[in-house]
Structures are given as C-alpha cells and as structure tokens.
1. Working only within region 209-226, note down all residues that are hydrophobic (A, V, I, L, M, F, W, C) and surrounded by 13 or more Cβ atoms within 10 Å (Cβ to Cβ).
2. Pull up region 92-119, narrow it to residues that are under 33 Å from the mean Cα position of the chain (by Cα) and hydrophobic (A, V, I, L, M, F, W, C), then point me to the one that is surrounded by the fewest Cβ atoms within 10 Å (Cβ to Cβ).
3. When region 67-101 is examined, which residues are found to be β-branched (Val, Ile, Thr) and over 19 Å from LEU53 (Cα atoms)?
4. Kindly indicate which of SER122, SER66 is surrounded by fewer than 13 Cβ atoms within 10 Å (Cβ to Cβ) and under 29 Å from the mean Cα position of the chain (by Cα).
5. Inspect region 241-257 for any residue being over 28 Å from THR135 (Cα atoms), surrounded by 17 or more Cβ atoms within 10 Å (Cβ to Cβ), in contact with a Cys (Cβ under 9 Å, 6 or more places away or on another chain) and not aliphatic (A, V, I, L, M) and give the result as yes or no.
6. Do you know which residues across region 178-228 are outside any helix (DSSP H, G or I) and of a type in the set (Phe, Trp, Tyr)?
7. When ARG178 is evaluated against the numbered criteria (1) modelled with pLDDT of 90 or more; (2) touching a helix residue (DSSP H, G or I) at 6+ places or on another chain (Cβ under 7 Å), which criterion, by number, is the only one it fails?
Amino acid sequence: MLLPYDLNPKANANGSTGPKSAEGKLNSRVNALSHGLAGTGHVCLAALGTAFLVKHQEYSGVFPTSNAYEYDLVVEIVYQELRKQQCRETEEAIKTESQDRAQTCWFEDRCVEVEDLTARLSRQPGPVSARLRTTMIGREYLDTCWVELLEALKEKDVWSEDQLHLALDLIGCDDPIRPYSRYTTREAQLNLAATQRELLLEKRAEFVRLEGEERDRTIDGTTFLVNKRLRLVRRYLKDAELRYDRAMTAYRASRAGASPPAEADDAVGQAKQALLRKPEPQSPVAAQPVARTTSAKPPEPTDASAWSLRTDALRAAANSLVADVISHAASSSDFAEFVSAELEELRRQDEADQLLAYEANQKVFAERRQQASQT
C-alpha cells in the first residue's frame with residue numbers, strides 16, 4: 001500500500017525543510033566533520049576552539065598587526081600551527097595504536113590486508129600477485145589456492161574455465177590475450193600448480209623469520225607500518241607546513257612595507273582582468289583610426305636562457321595588438337570601420353600572394369617547356 005507522501009515525492013521533499021533555528025543549522029554544517037585536518041577552510045573540532053583562541057591571543061602579542069590583511073595572516077598562521085600540532089598528535093596516536101595491535105592482533109590485521117588485495121586480483125592480477133608474494137600471509141594465501149586447484153584435478157581431468165582464470169591470476173598474467181592453450185591439458189596444469197607451490201615453499205622459513213622480526217620492531221616502536229590513515233595524516237601535515245610558510249612569508253613582507261598581493265596573482269587571472277577591464281571613454285579626436293603598433297622582431301636566441309626574452313617580446317606584441325582592438329572597440333562605428341579596413345588589408349595581401357604564386361608557377365612551366373623542346 002502506497003502512503004500519501006509516496007504518491008507525491010516532490011511535495012514530500014518540499015515539506016522537508018531541514019533545521020530552521022540558528023543552532024540547528026550550525027549543527028547540520030558539521031555533520032560530515034570527522035577530524036578537521038583536510039580542506040582549505042578554517043574548520044576545527046569544538047574541543048580545539050578554546051585552544052585556537054588561546055594560541056591566537058599568544059601570537060597577537062608576538063605578531064603585531066596594522067591592518068585587516070595582516071590580521072588575516074596571523075589567523076592563518078595560528079590555524080596552520082594548530083593544524084600541524086593536531087597532525088603530529090594524530091600520527092603519534094596511530095603509531096601507538098599500531099603498537100597495541102601488533103601485540104594483540106598482528107596476524108589478523110595482515111589477513112585483512114590480504115583480503116583487501118585479493119578482492120582486486122581479477123582486475124589487476126600482475127600488481128596484486130606481486131604484492132601478495134612480499135608477505136608471509138600473502139604467500140600462504142597463494143599456496144592455499146594452488147592446493148585447492150590441485151585437489152580439483154583429483155576430482156576431474158582438467159580445470160574449469162573459472163579455475164583456469166584463477167590460475168592465470170595467481171601467476172600475475174596481465175596479458176589481455178591469455179595463453180589458455182598452454183594449460184589446457186591435465187599434465188600442463190599439474191606441472192603449473194606444482195611449480196608454483198615449490199616456489200612459494202622454497203623461502204617459507206625466511207619469510208616467517210622476517211614477519212616475526214617486523215612484528216617485534218613494531219611492538220618496540222622502532223618501525224611502523226605506513227597504512228592509509230598514516231599516509232593521509234602525513235599529507236595533511238605537509239599541506240599545513242606549506243600554508244604556514246606562505247602565511248609567514250606574506251606577513252613578513254607586509255611588515256617590511258610590501259603591498260598586499262592582487263586577487264589574481266597568476267598570469268591567467270591577470271590576463272582575464274585585463275581583457276574584461278572596460279576601456280576608458282575617448283574623445284572624438286582620440287577615437288580616430290590609428291595604425292597598428294608593431295614591435296621589432298625579437299632576435300634569435302643564442303642559448304637556452306634567451307628563450308625567456310623571446311617569449312616576453314612575443315607576449316608584449318600580443319598585448320599591444322589586444323590593446324589596439326580594445327581601444328578601437330570604444331566606438332561601435334569606429335570599430336566597424338577598423339575591422340573593415342583590416343579585412344580589406346587581408347584580402348589585398350591574399351590577392352598579392354596568389355599573384356606571386358601564379359607567376360612563380362608560370363616561370364617553372366616555361367622552364368620545363370624549354371627543357372622539353374631542347375631534348
């Protein structure tokens with residue numbers, strides 16, 4: 001039986017207005033907030049709000065401000081410093097947790113990692129198979145699969161299609177055109193499984209020793225397994241250090257008397273601002289057509305460093321042309337005359353080029369006829 005709101009989902013959606021109070025809206029904004037280390041905005045957990053205010057008060061006495069720009073830089077410095085501290089504390093917590101788990105459930109965690117790898121075995125057989133061969137638990141998994149394939153050959157003559165696919169995945173066959181013809185016979189399949197098992201069991205004792213030593217080092221705190229969480233925290237820490245250095249550099253430059261940077265600090269943004277800037281109104285005398293400004297041809301570069309000079313010269317010539325177009329666009333009638341004159345000039349140049357090409361072809365034909373008559 002359909003309920004009334006099922007019959008009209010749009011009306012049901014319109015009735016779901018969400019939080020209405022200011023407190024409810026504030027709470028809904030942080031529903032997806034987990035740790036506050038990622039992102040580019042100033043977001044932190046409620047427990048860190050007091051720490052931010054205390055640190056900002058401490059930094060205000062060390063970093064004086066004379067305008068709103070410097071005040072924002074100090075806020076950025078304080079936030080990134082707090083973010084770096086939080087990243088380091090999180091990294092230490094992950095390392096402590098790694099020590100505890102190594103002592104209690106080391107082999108269970110390694111089995112979970114192997115399960116995550118084997119879920120991608122059919123899609124990426126090469127990398128996954130190679131990764132499984134680097135750990136003791138991974139090699140035990142591969143050996144178990146080969147044992148099951150050998151048991152399957154005891155029940156029937158050859159493997160099924162799925163079992164043959166699994167065997168090729170286990171050896172890391174990434175070739176789109178798989179060599180099924182090599183392993184269609186029973187003898188070939190038995191030889192493949194036996195060879196792979198022999199390779200896996202050959203270094204079993206050595207991998208058992210390495211696994212135990214790695215577990216002992218993790219428990220002692222000498223080394224740690226770099227998992228996904230630790231990689232993310234280190235990436236956040238690197239980003240916080242970079243933003244902290246940028247804010248500190250900008251603050252020192254501002255205190256030294258440098259002006260705040262423009263909104264568009266890259267070349268693309270400056271070009272867009274220059275093109276979108278409205279031209280100044282011109283008087284009737286200044287709006288008359290003018291000849292296009294042309295810059296001198298840049299000299300040929302003699303070394304690698306001279307290419308930058310040539311690029312600057314070409315860019316200056318292009319900017320000059322754009323400035324001419326913008327200046328003539330101030331008046332619609334004058335701009336139309338300017339475009340018509342340019343098109344007429346291009347037409348005359350095209351006709352002259354065609355005439356030169358025709359004369360050159362006639363000269364070549366005349367020479368060929370003369371050579372033909374002489375022979």
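1. Our first condition is that a residue be hydrophobic (A, V, I, L, M, F, W, C); within region 209-226, this holds for 210, 219, 224-226.
Passing the criteria: LEU210, ILE219, PHE224, LEU225.
2. It comes out as ALA119.
3. To start, the set of residues in region 67-101 that are β-branched (Val, Ile, Thr) comprises 74-75, 77-78, 90, 94, 96.
Answer for region 67-101, where residues must be β-branched (Val, Ile, Thr) and over 19 Å from LEU53 (Cα atoms): THR90, ILE94, THR96.
4. Details: SER66 fails: under 29 Å from the mean Cα position of the chain (by Cα).
Within the list SER122, SER66, the selection yields SER122.
5. For region 241-257, residues over 28 Å from THR135 (Cα atoms), surrounded by 17 or more Cβ atoms within 10 Å (Cβ to Cβ), in contact with a Cys (Cβ under 9 Å, 6 or more places away or on another chain) and not aliphatic (A, V, I, L, M): absent.
6. Initially, region 178-228 is screened for residues outside any helix (DSSP H, G or I), giving 178-179, 184-185, 203, 221-227.
Hit for region 178-228 is PHE224, nothing else.
7. (1)
This table checks each residue for (1) touching a Phe, Trp or Tyr at 6+ places or on another chain (Cβ under 6 Å); (2) farther than 30 Å from SER98 by Cβ; (3) of a type in the set (Val, Ile, Thr).
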| residue | (1), (2), (3) |
| --- | --- |
| GLU108 | no, no, no |
| ALA119 | no, no, no |
| GLN124 | no, no, no |
| ILE137 | no, no, yes |
| TYR141 | no, no, no |
| LEU149 | no, yes, no |
| GLY172 | no, no, no |
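The values are calculated or read from the model by the stated rules, or taken from the named source; none is laboratory data. Keep in mind it's a predicted model, so treat the numbers as computed, not measured. Counting neighbours? That spans all protein chains shown, and the Cβs are built from the backbone with ideal geometry, glycine included.
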